[in-house]
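Quick note: the coordinates plus some simple rules give every number you see, no bench work behind them. In this text, all values refer to a predicted model and were calculated from it rather than measured experimentally. Heads up, the Cβs are rebuilt from the backbone with ideal geometry, glycines too, and the neighbour counts pull from every protein chain shown.
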């Protein structure tokens, strides 16, 4: 059967992704944690992994540089690439929220004339405000988004929230949830046709693992 | 308006210059495709590059209308560059050829223009090669264009590729059975298109239909693979339209088996792109090294009726530039020499006649019009990868220098030598 390549996200989702794949029988933990290589093979030789930045994962998969990828649905909706999304994975739960300094007057967002919004999710942010008839001034940052209202860079921020602790510690409150996110498996459209057998078998393995984890949670 | 200053010779995004080997390779590929289309009895159609925007963007072309390059004629009429060649071909058939004996078989090779983000294999100007088989509603016509696509890809030198084959009637029938709102129908179409199990589950959770209907929705994204999926599709069919789609696919598959091309075909009933346009089978071709389709096509019985009497039609369009990428990926790129021989320009009429003779025999022969010295000429040939240099040894006598050595010859021996190059 064809060997498949999967793109794994560096950062927040990496260790949960590695644990999940190991549970499904594809163990990259040794290769990823003890070497600095960017292309890692698993024990079975059926799958190899590349480590890339989360936002680049849909790009690698759309071009077919990786057959599959694991990425948060937040990133998936933000970058809007033409890929298949066969499976949601039971980890990486978080939400994309609008937040503001705790002392912001309690007025609806739709009454804001043109708020300055700091975010690293410009497309989702733009869409959220547009749907409310507000045309925001989007300040695109690649990190330290929570800092921006504190130093007067922005009025609001839109960012990923897991527990809300970072926000609270910085005197910020969540105003609205834009979307809920979790990890998802994505696949290249051409690979779906060209490596159908290998991909179907792999997705079946992962689907079974997801079901096992769900029933373990229920028990 | 305050525009950024352009660098000298800067190109707009989404276009490309081709020259040398890349240009030769593309022209050779087009010649191969033209030859294949011709052998299957298809004849060329050459529509204009631009037309009235209204014609191209009529209901027929609505899916491409947003991507068209529009501009104004001097009298203020809106014109547009053609976004594909199927719409102009449909116009020609509908308006001019409606009384011709059927079927009509047309092929085209030409550039099309679309204003879209230049990424993931999308250019703003690119070359399409395609066929249209008009006036034949039967499965045998469907199978013919798919078998022709396989033949064309193989003739181009592609060995590893697959074509996914679906039938839009199956999904249309499902939507009819569900009687969903337009919004809910589109949500379901997107979920199926993305093979999104999660979104399908969410839709099912909101849906209050019987178990049979629920199963049909749940199973749809998995109806891909060998002909066995047709048995499964038949089992879950909810109405006549779905059953007819499956029956049609069976007939097409059977014909494809006769053409001996089913090794390249994967059935895929979850193929739901271009639903507003296709009316029967639809297919896409994929090859390793290119993450997106090389070709796509299907049956579009509703298009020609926008321009004249209704006419069933089936066809495909292949993106030549993507096929070149796939070929590069599959074959070790061999760089052919740019020409076969370069001649020292000695000024003898007798030597010039040897050059002319070589050309008339089919060799690619160039004269060193810069009048280089022998050393410079040899160095130039080496650098350019030109395999032979002909140096003058007196009127009508040349010394042919190759990697293997050199040899002096006159007209008779020369002719014999040239013939060995072109084999």
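Taking a ≥ b ≥ c as the square roots of the Cα gyration tensor eigenvalues, region B:227-380 comes out prolate, since a/c reaches at least 1.5 and a/b is larger than b/c. Seen against the Cα atoms of chain B and their longest principal axis, helix B:349-361 is set at about 20 degrees. Per-residue mean of foreign Cβ neighbours for A:73-86 is 3 (Cβ atoms of other chains, 10 Å radius). Measuring r between the beta carbons of residue B:406 and residue B:159 and using R0 = 30 Å, the FRET efficiency lands at 0.15. Within the listed set B:195, B:124, B:372, the Gaussian network model of chain B (springs between alpha-carbon atoms below 10 Å) gives the highest mean-square fluctuation for B:372. A Gaussian network model of chain B, with springs between Cα atoms under 10 Å, assigns the largest mean-square fluctuation among B:123, B:194, B:91 to B:194. Averaged over the residues of B:196-209, the number of partner chain Cβ atoms lying within 10 Å of the residue Cβ comes to 2. With neighbour counts taken as other beta-carbon atoms within 10 Å, the residues B:146, B:87 rank, fewest first, as B:87, B:146. Once both axes come from the Cα atoms, what is the angle between helix A:196-218 and the longest principal axis of chain A, in degrees from 0 to 90, rounded to 10? Helix A:196-218 and the main axis of chain A meet at about 60 degrees.
With neighbour counts taken as other beta-carbon atoms within 10 Å, the residues B:200, A:179, A:1 rank, fewest first, as A:1, A:179, B:200. Estimated at 0.36 nm per residue, the fully extended path between residue B:276 and residue B:359 surpasses their Cα-Cα distance by 24.6 nm. For region A:112-134, the residues whose amide N sits under 19 Å from a probe point set 7 Å from the Cα of residue B:181 along the beta carbon direction are A:131-132. Taking a point 7 Å out from the Cα of residue A:180 in the direction of its Cβ, the residues of region B:165-203 whose backbone N falls within less than 19 Å of it are B:196-203. Over the residues of chain A, the helix contribution to mean residue ellipticity at 222 nm works out to -9500 deg cm²/dmol, using -39500 (n - 2.57) for each DSSP H run of at least 4. Compared with the dominant Cα axis of chain B, that is its longest principal axis, helix B:240-258 is turned about 30°.
Counting only other chain Cβ atoms within 10 Å of each residue's Cβ, the peptide A:188-199 averages 6.
Packing around the peptides B:217-225, B:230-238, B:175-183, B:279-287, taken as the average count of other Cβ atoms within 10 Å per residue, puts them in this order, highest first: B:279-287, B:217-225, B:230-238, B:175-183. Looking at region B:157-312 alone, DSSP beta bridges between its own residues are antiparallel in about 80 percent of cases. A protection proxy built from the mean count of other Cβ atoms within 10 Å ranks the segments B:409-417, A:58-66, B:341-349, most packed first, as A:58-66, B:341-349, B:409-417. With the helix formula -39500 (n - 2.57) applied to DSSP H stretches of n ≥ 4, chain B reaches a computed 222 nm mean residue ellipticity of -12500 deg cm²/dmol.
Is the protein assembly as shown rounded, prolate or oblate when judged by the Cα gyration tensor, a ≥ b ≥ c being the square roots of its eigenvalues, rounded requiring a/c under 1.5 and prolate requiring a/b larger than b/c? Because a/c hits 1.5 or more and a/b exceeds b/c, the protein assembly as shown counts as prolate. Segment residue A:80..residue A:150, full-extension length gain: 22.1 nm, with 0.36 nm per residue of separation and the alpha-carbon distance subtracted.
The distance linking region A:104-124 with region A:169-219 is 30 Å (Cα centroid to Cα centroid, whole angstrom).
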